[in-house]
Amino acid sequence: MRPWTGSWRWIMLVLLAWGTLLFYIGGHLVRDNDHPERSSRELSKILAKLERLKQQNEDLRRMAETLRLPEGPADGGRVHSLEEQLIKAKEQINSYRSLPADGPGQNHEELRRKVENGMKEIWYFVRSEVKKLGHMESNDIQKRADTLLQDLGEQQRSIMTDLHHMSMADGAGDWREKEAKDLSDLVQNRITYLQNPADCSKARKLVCNINKGCGYGCQLHHVVYCFMIAYGTQRTLILESQNWRYSNGGWETVFKPVSESCTDRSGTSTGHWSGEANDRDVQVVELPIVDSLHPRPPYLPLAIPEDLADRLHRLHGDPSVWWVSQFVKYLIRPQAWLDKEIRDTTAKLGFKHPIIGVHVRRTDKVGTEAAFHPIEEYMQHVEDYYQMLARRTHVDKKRVYLATDDPSLLQEAKSKYPDYEFISDNSISWSAGLHNRYTENSLRGVILDIHFLSQTNYLVCTFSSQVCRVAYEIMQTLHPDASAYFHSLDDIYYFGGQNAHNQIAIYNHEPRGGDEIPLEPGDVIGVAGNHWDGYSKGINRKTGRTGLYPSYKVKEKIETVKYPTYPEADKLLNQ
């Protein structure tokens with residue numbers, strides 16, 4: 001007779017763990033049969049658990065496959081692996097046991113009621129104060145209005161702090177961390193799989209030339225656009241970067257290659273982009289810049305993959321930005337020298353948290369793509385954020401990382417705001433000037449600026465600048481959800497060449513002036529921008545009218561696309 005320590009022992013233990021899991025979930029299904037009201041309340045929780053149970057079922061099925069040991073003496077390494085899997089199964093069971101059996105936890109509910117009460121109180125306060133203004137002398141109104149704004153700011157910060165704590169209550173923060181990592185690992189693994197085909201000579205390829213006539217941020221976004229289409233069409237991206245305007249040695253002198261095994265564009269047939277269907281039999285396709293792209297495939301931003309959409313909507317406040325950020329994350333993996341440069345500069349500058357990133361663009365954008373914004377306009381939002389941050393953590397020093405192409409701005413900021421510590425490298429500011437723009441030193445500077453901006457707690461900038469948008473994208477890869485960690489003085493987030501950005505009306509709106517447009521629930525609005533005063537501007541696609549509407553009366557319309565799901569890559573990830 002074979003000893004009990006053989007393979008069947010492990011099979012029985014895992015089956016026992018699986019049975020225990022079913023028994024625990026099943027207990028919720030049969031409990032309180034005589035209390036239908038309670039059963040109804042628990043139905044949504046049970047459905048959520050069953051959704052997780054489906055995933056656990058698949059995990060345990062794979063586990064059972066590995067437990068089919070060959071006859072003969074047990075292998076020590078294999079047994080150790082099985083022990084680890086059994087521990088994992090027990091942890092999964094315990095995770096179910098730790099779920100609240102009767103709804104949300106006490107901490108969550110107390111915070112929810114506190115937020116609800118805070119919103120009532122802020123309305124009572126505003127209504128009362130506005131009535132008082134109507135009875136005051138004109139010379140007292142401004143003083144009273146200033147006090148009103150200060151008090152409203154205090155109440156707003158109190159509510160935002162409660163919402164932050166509520167978002168972390170009852171293990172939600174831990175779940176968010178794990179889900180963000182799992183999703184990013186999934187996508188990065190798929191990209192790696194696509195970029196390293198088994199036989200490069202037979203792989204379908206998409207060729208992208210980096211030398212678009214624009215700056216670093218714009219060129220990086222150009223490569224991201226190429227990468228998203230390569231991913232959507234299941235083609236390995238071939239990045240041509242020799243004689244790059246910033247570095248003759250090309251992309252690989254700064255960042256890791258986009259492929260470890262397939263960088264050769266050769267193939268049996270080559271052609272220019274003519275559409276995914278038309279190019280099906282062409283091995284090597286050359287992609288133009290997005291401005292000249294025709295026909296336009298569905299894979300362009302702001303669309304997200306259909307197979308990840310539900311998870312992304314639950315995890316992230318702006319799924320479109322998260323999706324873009326995953327391609328940025330893969331592309332900007334630093335070479336060893338750059339990684340060392342970043343670490344050395346971090347120590348040299350004394351970069352540490354808390355710190356807010358401020359990016360001020362003053363040269364080529366001002367007067368063309370962007371308006372001039374004085375430093376005071378940026379610092380107002382910096383101060384607002386620090387006041388809110390102080391409610392939930394100790395702020396030993398109010399630090400600002402200042403990135404700018406205006407070398408004189410650092411001294412101006414220090415003299416006007418002596419209670420702040422400004423961290424900046426003026427040599428980067430000099431290298432960012434138009435006369436130094438396309439040099440290796442300038443490239444080093446813009447990469448470091450973007451890196452440090454992305455590492456800050458909060459960004460204040462203009463989204464008309466590609467540098468700030470890249471920093472914001474990288475920020476999404478460093479936190480489970482950093483979609484709200486910014487204030488833009490001009491544009492909302494956009495991706496150059498994106499498909500239409502639409503919103504859906506959720507409330508009626510009757511215009512109060514000639515510059516507003518009517519809304520009905522379900523109307524699709526093409527967004528032109530947010531005025532950051534409670535109103536946005538756009539076109540009602542049903543009526544064709546363009547104008548203003550209250551921002552709170554709409555929600556984002558995120559388009560989903562049937563991207564390939566790369567099941568072969570997912571199998572490798574789960575091995």
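Any read-out appearing in this document is the output of simple, stated calculations on the displayed coordinates, not a laboratory observation. Quantities reported herein were computed from a predicted structural model and do not represent experimental measurements. Positions of Cβ are backbone-derived with ideal geometry, glycine not excepted, and every protein chain shown enters the neighbour counts.
What to note about this one:
- Global form of segment 314-488, assessed from the alpha-carbon gyration tensor, a/c cut-off 1.5: rounded
- GluC sites (Glu not before Pro) restricted to segment 372-412 and DSSP loop, no more than 15 other C-beta within 10 Å: none
- Length gained when the stretch ARG311-GLU421 is fully extended (0.36 nm per residue, less Cα-Cα span): 35.6 nm
- Take every Cα pair under 8 Å whose residues are at least 6 apart in sequence, average their separation, divide by the length of segment 502-558, and the relative contact order is 39 percent.
- For GLY529, distant residues with modelled amide H under 5 Å away: LYS537
- Taking trypsin sites (Lys or Arg not before Pro) across segment 270-337, the ones in a DSSP loop with at most 11 further Cβ atoms lying within 10 angstrom of their Cβ are ARG280.
- Scalar couplings 3J(HN,Hα) for segment 164-178, obtained by applying the Karplus form with A = 6.51, B = -1.76, C = 1.60 to θ = phi - 60°, are 4, 5, 5, 5, 9, 6, 6, x, 5, x, 5, 4, 5, 4, 5 Hz; x denotes Gly and Pro.
- Straight-distance crosslink candidates among lysines, where the alpha carbon sits under 17 Å from LYS143 and sequence neighbours closer than 8 are dropped: LYS131, LYS132
- Note on ASN117 and ASP146: the extension gain reaches 8.0 nm, defined as 0.36 nm multiplied by sequence separation minus the Cα-Cα distance.
- Built from the Cα atoms of segment 106-172, the convex hull projects on average onto 4.3 nm², one quarter of its surface area.
- Cβ-Cβ FRET estimate between HIS479 and ARG512, R0 fixed at 60 Å, reported to 0.05: 0.95
- Amide N of segment 137-151 lying under 19 Å from the label point, which is placed 7 angstrom from the Cα of TRP532 along Cα→Cβ: 149-150
- Sorting the segments 465-471, 297-303, 400-406 by their residues' average number of neighbouring beta-carbon atoms within 10 angstrom, most packed first, yields 465-471, 400-406, 297-303.
- Selection from PRO298, LEU312, VAL258, by position along the positive dipole direction of segment 239-313 (Cβ): VAL258
- Local electrostatic count, ALA169, Cβ distance below 12 Å [Lys/Arg +1, Asp/Glu -1]: -2
- Calculated diffusion of segment 502-558, Stokes-Einstein form, Kirkwood radius summed over Cα pairs, 37 °C and 0.692 mPa s, µm²/s: 306 µm²/s
- Extension gain (nm, one decimal) between ALA371 and LYS348, 0.36 nm per residue minus Cα-Cα: 5.0 nm
- Debye intensity ratio in log₁₀ form over the Cα atoms of segment 196-300, taken at each q of 0.17 Å⁻¹: -0.77
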